[in-house]
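The values are calculated or read from the model by the stated rules, or taken from the named source; none is laboratory data. Computed from a predicted model, the values in this text were never measured in an experiment. Here the Cβ positions follow ideal geometry from the backbone for every residue, glycine too, while neighbour counts run over all protein chains shown.
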Amino acid sequence: MTSNPTPAHFAKAGPRIREFIVTPIAVVDPPLLNAAGLHAPYALRTILELITDDGISGISEIPGNRSTDEALEAAGKLLVGRDVFQLSEIRQVLTQNFGKETAAERGLTPWDQRKLVHIFSAVEVACLDIIGKVVGRPVVDLLGGRMRDRVPFAAYLFYKYKGAGGPLAFGTDPAATGWAAARQAEALTPAGIVAQAEAMCREFGFQSIKLKGGVFEPQQEVDAMFALREAFGPDVPLRIDPNAIWTLETALNYGKQLEPILEYLEDPVRGQENMATVRKALKTPLATNMCTTSFEDIPNSIALGSEDIILSDHHFWGGLRSSMTLAGICETFGRGLSMHSNSHLGISLAAMVHLGAALPQLTYALDTHYPWQSDEVITAGRFRFEEGSVAVPEGPGLGVELDREALAALHRNYLACGLTKRDDEIEMQKVQPGWRFQAVRW
Ligand SMILES: [Mg+2]
């Protein structure tokens, strides 16, 4: 005896969105350096909570930006009353309202400045959280099912000034030990980077290491990479990401030097054509989260051969299901797939882990800034890493719940700090007056 669904089953619409709550928050962030400047004492994030007509809550997290928040509020007005299962229809409604976004709107910064992809991502992840709760399955099972129970991440090293961010600007805790002490320590030299890597790997068990480059003259950063190789040996994969700030000549020269020690070289140069030229000249695989960052970029990427690995990011590719689509494209065209990250909390991490667990192929440890943050907005507190990996959260949906007290406190931080968008150039000018971001520097 079977009980296949009947038309009557389908006639019963899924839960509908009753409330659409957008909360901007500011989380403490250390003074990390990158090609675009310096991280502010707070990183902005936006938390979306959807509540259905039958009282189910679904949550998501995206990078914070006042104009994205305003667009998200506008999206909410279109989506209240809609069935959370109708994800394609929801996407169509949003596209019809906001129009199409071009890849060029991404901007030149290391992070993506498009609005619509963030809105898709916020709404889709929160809906999937609700759908998971309705059907009693984790989000990973809605993405095709679990290919692994634990998802590996890489140590993400930064050149940094002294301090841990927050209310005292670059405030520090003199009693801090272990990773907490390393997290607030200055790291500007190869020895400083090695010390940071050792503390981070000791605390989190990471087994791959990435250095955010593009900060100093290339030889200094290459020296840091060789110092890491010396300290960690040949079995720990190493990566460097100069965020497309090197010239072609610099990338070819230093890329050759780094060839024997790199797992991959991330965005050495700007643009798909330049990436393709470097890729032809080096044995090292090239990865990107800057030259191939949307579906619109794929045809040219394939025609030119601009990278070996695409660093996806569900916040920038329009959600988790879009990221699974990207995985299929990568498989078709022989691209590897891994994951990019910006400063984030546990709701984003949970989504990244569900996605990472669902990807059919996962050859590279994913990026995460998570060790650099100390705040949290979920009831279970900070996620734990074991041997560099995070276990897929238990329970239906994302498997994490909003800590409403923490959310309110972090929202107060947002109101008090006065930041409305990420601007690492302005922050850098507070330390080095007159400093300007350059799309290509060395
Ligand atoms: Mg990158």
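Here are the numbers for the structure shown:
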read-out: Subset of the range 134-144 (residues that are surrounded by fewer than 17 Cβ atoms within 10 Å (Cβ to Cβ) and either part of a helix (DSSP H, G or I) or touching a helix residue (DSSP H, G or I) at 6+ places or on another chain (Cβ under 7 Å) (or both)); value: 135, 144
read-out: Some residue of the range 42-61 being crowded, with 24+ Cβ neighbours inside 10 Å, part of a loop (DSSP other than H, G, I, E, B) and either at pLDDT 95 or above or not aliphatic (A, V, I, L, M) (or both); value: no
read-out: Every pair of residues 6+ apart whose Cβ atoms lie under 7 Å, when the first sits in the range 300-329 and is touching a residue at least 60 places away in the same chain (Cβ under 8 Å) while the second is of a type in the set (D, E, K, R); value: 316/112; 319/124; 320/124; 321/124
read-out: Residue ID - nearest to the ligand (Cβ to nearest atom), chosen from residues in the range 363-400 that are of a type in the set (A, V, I, L, M, F, W, C) and under 16 Å from residue 210 (Cβ atoms); value: 366
read-out: The range 327-341, residues that are within 16 Å of the ligand (Cβ to nearest atom) and surrounded by 20 or more Cβ atoms within 10 Å (Cβ to Cβ); value: 335, 337, 338, 339, 340, 341
read-out: Count - residues of the range 343-371 that are over 17 Å from residue 391 (Cβ atoms) and either basic (Lys, Arg) or crowded, with 24+ Cβ neighbours inside 10 Å (or both); value: 3
read-out: Some residue of the range 216-239 being buried (at least 24 other Cβ atoms within 10 Å of the Cβ) and among the β-branched types (Val, Ile, Thr); value: no
read-out: Matching residues in the range 402-437 - criterion: being within 23 Å of the chain's Cα centre (by Cα), touching a residue at least 60 places away in the same chain (Cβ under 8 Å) and assigned to a loop (DSSP other than H, G, I, E, B); value: 419, 420, 421, 422, 423, 437
read-out: Count - residues of the range 284-324 that are of a type outside the set (Ser, Thr, Tyr) and within 16 Å of the ligand (Cβ to nearest atom); value: 17
read-out: Qualifying residue in the range 172-179 (condition: in a helix (DSSP H, G or I), surrounded by fewer than 19 Cβ atoms within 10 Å (Cβ to Cβ) and in contact (Cβ under 8 Å) with a residue 12 or more places away in the chain); value: yes
read-out: Lone qualifier among 301, 322, 312, 343 - being assigned by TED's automatic domain parsing to the domain that holds residue 237, at pLDDT 95 or above and under 24 Å from residue 224 (Cβ atoms); value: 343
read-out: Filter pass, residue 393 being assigned by TED's automatic domain parsing to the domain that holds residue 314, in a loop (DSSP other than H, G, I, E, B) and surrounded by 18 or more Cβ atoms within 10 Å (Cβ to Cβ); value: yes
read-out: Search result, residues across the range 57-90 that are farther than 21 Å from residue 112 by Cα, of a type in the set (S, T, N, Q) and in contact (Cβ under 8 Å) with a residue 24 or more places away in the chain; value: 57, 86
read-out: Residue within the range 106-126 that is more than 17 Å from the chain's Cα centre (by Cα), of a type in the set (D, E, K, R) and farther than 30 Å from residue 436 by Cα present; value: no
read-out: Check on residue 81, surrounded by 15 or more Cβ atoms within 10 Å (Cβ to Cβ) and either more than 23 Å from the chain's Cα centre (by Cα) or at pLDDT 95 or above (or both); value: no
read-out: Check on residue 72, more than 24 Å from residue 327 (Cα to Cα), buried (at least 24 other Cβ atoms within 10 Å of the Cβ) and not assigned by TED's automatic domain parsing to the domain that holds residue 325; value: no
read-out: Close pairs from the range 91-117: first under 14 Å from residue 421 (Cα atoms) and not assigned by TED's automatic domain parsing to the domain that holds residue 339, partner modelled with pLDDT under 90 and surrounded by fewer than 16 Cβ atoms within 10 Å (Cβ to Cβ), Cβ under 6 Å, at least 6 apart; value: 113/107; 114/105
read-out: Residue tally, condition within 16 Å of the ligand (Cβ to nearest atom) and on the phi > 0 side of the Ramachandran plot, over the range 189-219; value: 1
read-out: Members of the range 226-275 that are among the aliphatic types (A, V, I, L, M) and over 22 Å from residue 310 (Cα atoms); value: 227, 228, 231
read-out: Single residue of 146, 66 found to be of a type in the set (Lys, Arg) and closer than 25 Å to residue 404 by Cα; value: 66
